[in-house]
Amino acid sequence: MASARSGKIGLGIVGFGIMGERLVRAARDASDMPVALTGVWDPAPEAAARLATVAPEMPLLGSAAAVIAACDCLYVAAPPAAHLPLAEAALDAGRAVFLEKPLSHDTDAARRFVARAEGAGARAGVNFPMASSPAVAQIAAWRDQGLVGRPESLAISVDFAAWPRSWQRDASGWLSRRAEGGFTREVVSHFLFLTRRLLGPLALEHARASFPGGDQAETAIEARLTAGGTPVSLRGAVGETDRDDTNAWTLRGSAGAIRLRDWSIAEREAGEGWATAPDALPNERMRPLVLRGQLEKVAAMTRGEPQALATLREALEVQEIVEAILASG
């Protein structure tokens with residue numbers, strides 16, 4: 001494994017879609033990255049062609065088992081139905097696991113997995129990139145400085161021109177389907193994780209989801225929740241914007257308001273409008289910083305060191321809310 005040769009953590013990847021490709025690019029673009037890529041497996045022929053273009057030196061191994069055998073930590077970037085079987089195989093082999101969300105499309109299976117993994121002291125984390133976002137760190141710092149005061153309300157909104165988004169269409173076979181896909185699992189979950197981490201435990205009070213029929217994923221959701229006692233309103237829709245993706249997380253309190261806009265823009269209410277953090281970056285420029293932070297945390301997790309990746313328990317709590325919202329349709 002790579003750790004034995006270079007002192008770096010050997011990271012294997014199962015699933016070479018958009019997320020797998022992004023992690024490969026991040027891991028190989030800096031020589032001081034604390035992980036070394038040990039192999040990829042994806043059964044799709046187009047994945048092999050893409051890997052040869054993106055990272056020709058990266059071995060495409062013959063099976064998921066081969067990737068697990070070659071790594072210290074397995075990154076599971078396959079569609080949701082494969083998440084838990086792959087994670088369990090890696091943990092059984094003594095490897096650490098870095099999982100894409102959701103944990104599963106089956107909440108009962110996710111509960112059993114989390115109970116077992118926690119009981120065994122597994123080294124496992126979930127890829128909610130906001131755990132490493134400089135913009136989220138700025139939002140948290142403003143809150144800690146008292147710019148919000150006592151939290152009074154949180155509003156979350158997400159909108160899409162179409163679903164899946166234009167850059168996800170290669171994965172539309174599952175992303176557009178009700179069983180595993182939809183924007184609530186793929187996007188809203190990130191903002192629920194942020195809410196859970198900054199405000200406290202989530203409780204769903206009311207939800208409504210709209211589906212177009214057949215096995216197609218949702219086109220709109222509305223929900224009321226609480227987070228650590230703070231009221232939360234949530235809405236999302238497809239077809240009400242001409243942008244691929246736009247979103248806002250807005251926290252108001254007794255002393256003021258702060259928000260995270262379009263994934264990476266931290267803003268605070270000032271006078272008659274919003275003041276943007278001076279070091280704010282658009283998401284395309286922020287993403288490499290976030291991915292580096294995630295990989296540094298993955299290395300620490302694999303070594304058994306303290307880190308702040310999303311935990312299995314946090315991911316499960318988010319999944320339970322997401323699936324309850326979807327079940328309301």
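The values are calculated or read from the model by the stated rules, or taken from the named source; none is laboratory data. All figures in this text were calculated on a predicted structure; none of them were measured in a lab. As a convention, Cβ positions derive from the backbone with ideal geometry for all residues, glycine included, and neighbour counts pool all protein chains shown. These area figures cover heavy atoms from the full protein model, side chains too; ligands, DNA and RNA do not enter into them. Shrake-Rupley method; radii C 1.70, N 1.55, O 1.52, S 1.80 Å.
Structure summary
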{"quantity": "The chain pair-distance distribution - Cα-Cα, 20 Å bins, rounded %", "calculated": "31, 59, 9"}
{"quantity": "Those trypsin sites (Lys or Arg not before Pro) in the range 196-289 that DSSP places in a loop and that have at most 16 other beta carbons within 10 Å", "calculated": "R243"}
{"quantity": "Ratio of Rg to Rh over the range 211-250 (Cα coordinates, Kirkwood Rh, two decimals)", "calculated": "1.06"}
{"quantity": "Viscosity 1.306 mPa s, temperature 10 °C, Stokes-Einstein D of the range 252-322 from Kirkwood C-alpha radius, µm²/s", "calculated": "106 µm²/s"}
{"quantity": "Two-decimal ratio, the range 176-329, of alpha-carbon radius of gyration to 2.2 N^0.38 Å", "calculated": "1.13"}
{"quantity": "Net charge, G214 excluded, C-beta distance under 12 Å - Lys, Arg +1, Asp, Glu -1", "calculated": "+1"}
{"quantity": "Pairs of alpha carbons in the range 38-84 whose separation is greater than 17 Å (percent)", "calculated": "33 percent"}
{"quantity": "Longest to shortest principal axis, alpha-carbon extents of the range 283-329, angstrom", "calculated": "39, 30, 10"}
{"quantity": "Extended-chain gain in nm, criterion 0.36 nm per residue less alpha-carbon gap, S328 and D144", "calculated": "62.7 nm"}
{"quantity": "In degrees, nearest ten, helix 312-327 long axis to first principal axis of the chain (Cα)", "calculated": "60 degrees"}
{"quantity": "Å² of accessible area per residue within the chain, as computed with a 1.4 Å probe and no ligands counted", "calculated": "41 Å²"}
{"quantity": "Alpha-carbon gyration tensor eigenvalues x 5, square-rooted, for the range 1-83, Å", "calculated": "19, 14, 11"}
{"quantity": "Per-q log10 I(q)/I(0), the range 200-290, q = 0.11, 0.18 Å⁻¹ (Debye; single scatterer per alpha-carbon; no solvent)", "calculated": "-0.46, -1.07"}
{"quantity": "Pairwise FRET efficiency - E57 versus R224, Cβ, R0 = 51 Å, nearest 0.05", "calculated": "0.50"}
{"quantity": "Listed residues I325, G293, V238: farthest to the positive end of the dipole of the range 182-329 (Cβ charges)", "calculated": "G293"}
{"quantity": "Cα extents of the range 56-211 along the three principal axes, largest first (Å)", "calculated": "53, 37, 36"}
{"quantity": "Estimated 222 nm signal from helices in the chain, with DSSP H stretches of n ≥ 4 weighted -39500 (n - 2.57), rounded to 500", "calculated": "-11000 deg cm²/dmol"}
{"quantity": "Rounded to 10°, Cα long-axis angle of helix 107-119 versus longest principal axis of the chain", "calculated": "70 degrees"}
